[in-house]
1. Just to be sure I understand the model, the point goes 7 Å from the Cα along the line to the Cβ. What's the resulting Ser53 to Val3 distance in nm?
2. Give me the distance in nm between label points sitting 7 Å out from Cα along the Cα-to-Cβ direction at Glu13 and Leu38, one decimal.
3. How large is the charge dipole for the chain, taken about the Cα centre, if only the Cβ atoms of Lys, Arg (+1) and Asp, Glu (-1) carry charge, to the nearest 20 debye?
4. What label, among [x] 130; [y] 117; [z] 180, belongs to volume of the Cα convex hull per residue in Å³ computed from the structure on display?
5. Once Lys and Arg get +1 and Asp and Glu get -1 on their Cβ, which of Gln73, Ile25, Ile54 lies farthest toward the positive end of the dipole of the chain?
Amino acid sequence: MPVRKFRSHAEAERDLIYPPGDPRILKALDFVLGLSALARAKPFPRGVHRYRSIEEANAAREAWTRENIRRLQEEKPGNER
């Protein structure tokens, strides 16, 4: 993405407002929706979890990771099955 310089705050604000029908609106919306999906993703269940061994804890963490990856792949726009 190129770096753009502005001489004033007003000039920068004008550049942020897309005219109706501008294809950049869809790209901006896709970006914002992607960020929101990542922001709401929970990397692991809440609370304190106790395990009998480090192997059991690692297995639980791997299961959470696999589940998060699966869910994010399903939520990804344009990923119809």
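1. Taking the two extended label points, one gets 5.3 nm.
2. 2.9
3. Numbers: 17 positive and 12 negative charges, 43 e Å.
For this selection, approximately 200 debye.
4. Of the labelled values, this structure produces [z].
5. Toward the positive end, the furthest listed residue is Ile54.
Since every read-out is calculated from the coordinates, none of them should be taken as a lab result. Here the structure is a predicted model, which means the values were calculated and not measured. All Cβ positions, even for glycine, are placed from backbone atoms using ideal geometry, and neighbour counts span all protein chains on display.
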